[in-house]
Amino acid sequence: APPLERAVTLNIWASVLIDRGEIVPAIALLEQTLALRQSNGGSNIEIAATMNNLAFSFAKVNRLNEAKSMFSKAYALRLEALGEQNIDTALTKLNFGRTERDLGNFAAADDAFNEFFITFQGLFPDATAPHPAMIDSLIDLGISLRLQDRVDEAIVVFDRAVAMSLTLDACGLPLKLSIILTSVMTPQRCCKRPLPCLEVQNPRWAWTSHRR
């Protein structure tokens, strides 16, 4: 098959492996995909998508510095090709912020989360129908603040996330939010709003893959 067609096939197979939790073999396929697209005239949008997926995979296996570098490259390409006010560009910024947080670079992480939220607020201005990723970014910011022992600020952010979640569906709160409110925060310091239908499943917040 022509190189760019082979890249599409490899990318699809890598996505299947990621969904199965087979991250290491997926990384190998994504690296092949990236090389094929870069050396055979793939579009910057396709290359950036592959970089984002590869960075996500690096993060899943705790190769955080590699993930940070790759997210940064993907963001730069998407910013140039798609502009700042774009869903994919913003989502790459969100993933970059998560990497910075997990590396302990909290100031950079908090800036990324806030920039993402402002961008999505502009893209989805209807306060009665917030995009779920906006809730994710608030949760990520709250996690970062909590890891810095800025508990009172974290509570404010989590309460805002709860309010937005209840706007969408009281029984559809993101898993990450239920984990934080029931595991990380103490009952005495939890959010003010009632939280129906919460169940703790896994005491670790999960990354969201925005694969294209």
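The values are calculated or read from the model by the stated rules, or taken from the named source; none is laboratory data. Computed from a prediction, not measured in an experiment: that's the story for all the values here. Here the Cβ is made from the backbone with ideal geometry for all residues, glycine too, and neighbour counts use every protein chain on show. The protein model used for the area step is the full one, side chains on, heavy atoms only, and it has no ligands, DNA or RNA in it. Shrake-Rupley method; radii C 1.70, N 1.55, O 1.52, S 1.80 Å.
General observations
- In terms of its C-alpha gyration tensor, region 35-152 has an oblate overall shape, because the principal axis ratio a/c (a ≥ b ≥ c, square roots of the eigenvalues) is not below 1.5 and a/b does not outweigh b/c.
- Backbone N within region 133-154 under 11 Å of label point (7 Å from Phe106 Cα along the Cβ vector): 143-154
- Overall form of region 43-84 per C-alpha gyration tensor (a/c, 1.5; a/b vs b/c): prolate
- A protection proxy built from the mean count of other Cβ atoms within 10 Å ranks the segments 23-33, 3-13, 119-129, most packed first, as 23-33, 3-13, 119-129.
- Ordering Arg146, Arg37 by accessible surface, largest first, gives Arg146, Arg37; the 1.4 Å probe counts only protein heavy atoms, with every chain in place.
- The listed peptides 41-48, 158-165, ordered by packing as a protection proxy, come out as 158-165, 41-48 (highest mean of other Cβ atoms within 10 Å first).
- Of the residues Asn86, Gly42, Gly21, the one whose Cα sits farthest towards the positive end of the charge dipole of region 1-115 is Gly21 (charges of +1 on Lys and Arg Cβ, -1 on Asp and Glu Cβ, taken about the Cα centre).
- Full-stretch length increase - Phe124, Val61 - with 0.36 nm per residue and alpha-carbon distance subtracted: 19.4 nm
- Given charges at beta-carbon only (K, R positive; D, E negative), |dipole| of region 1-99 in Debye: 260 debye
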